[in-house]
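S.K.: Here it is: the structure, laid out below.
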Amino acid sequence: GGRPLLPLGAGDAPTRARGASALGSGAGGGAAWALTAVGARLRPGVEVLAALLDLDARVAAADVVVLVTGPVGHAALSGTVLSALGERCVPLAVPLVVLAPGVDAGSRELAVAGVAAAYPGASGAAATEALAARVARTWSPRPAPAAPTVHVPPSGAAAPGGATRTARGPVPVPDAGA
């Protein structure tokens, strides 16, 4: 029961949610919900931070994204910084590496969330620093695009049968006037 308390907007059905139980009211109890009464919009905090930090551009420019976070379980895979990063890393094929005190989510769950690798043992500054250093040695930057392969005749005249050798990178071209 109960009566509708707040119309959501043109064409939307009114909500019957009250105060602290309203979707998106968050830790503030009913503060966010109450602010909607004066025109505020409820948005997920992680998406607001992603926009403020220009997260899309930062992920696009990265070779690998490393997230140091709290324990990673099923609840950490939705509506969190981890899930926001995963959603951005996957389409760009940028690996997301997670360092956490504990990892209770399974490898399939992590893969679905966009996590390339998750390493437990990051609890406290010294342990996290040591884990980060160890993990950093296992990841390398994306390779630069390979130089085109050019087939050139061997030194001197072309060999019978068109034998060639393969050269990588810039190939000197003789001056046509020489």
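The values are calculated or read from the model by the stated rules, or taken from the named source; none is laboratory data. Small disclaimer: the values here were computed from a predicted structure and weren't measured. Note: ideal-geometry Cβ built from the backbone for every residue, glycine included; neighbour counts use all protein chains shown. Only protein heavy atoms, including side chains, enter the accessible area calculation; ligands, DNA and RNA are left aside. Shrake-Rupley method; radii C 1.70, N 1.55, O 1.52, S 1.80 Å.
S.K.: Output the qualifying pairs, or none if there are none: Cβ atoms under 7 angstrom, residues six or more apart or on different chains, first residue in the range 32-58 and closer than 23 Å to E87 by Cα, second residue open to solvent by 70 Å² or more (accessible area, probe 1.4 Å) and part of a helix (DSSP H, G or I).
M.R.: Between residues of the range 32-58 that are closer than 23 Å to E87 by Cα and residues that are open to solvent by 70 Å² or more (accessible area, probe 1.4 Å) and part of a helix (DSSP H, G or I), the close pairs are V46/V81.
S.K.: Now for a different question. Which members of the range 78-125 meet the condition of being open to solvent by less than 60 Å² (accessible area, probe 1.4 Å) and either of a type in the set (S, T, N, Q) or at pLDDT below 90 (or both)?
M.R.: Across the range 78-125, the qualifying residues are T80, S83, G121, A122, G124.
S.K.: A further question on this structure: Please work out which one of (1) outside any loop (DSSP other than H, G, I, E, B); (2) open to solvent by 50 Å² or more (accessible area, probe 1.4 Å); (3) over 26 Å from W139 (Cα atoms); (4) touching a Leu at 6+ places or on another chain (Cβ under 8 Å) is the condition V66 fails and give its number.
M.R.: (3)
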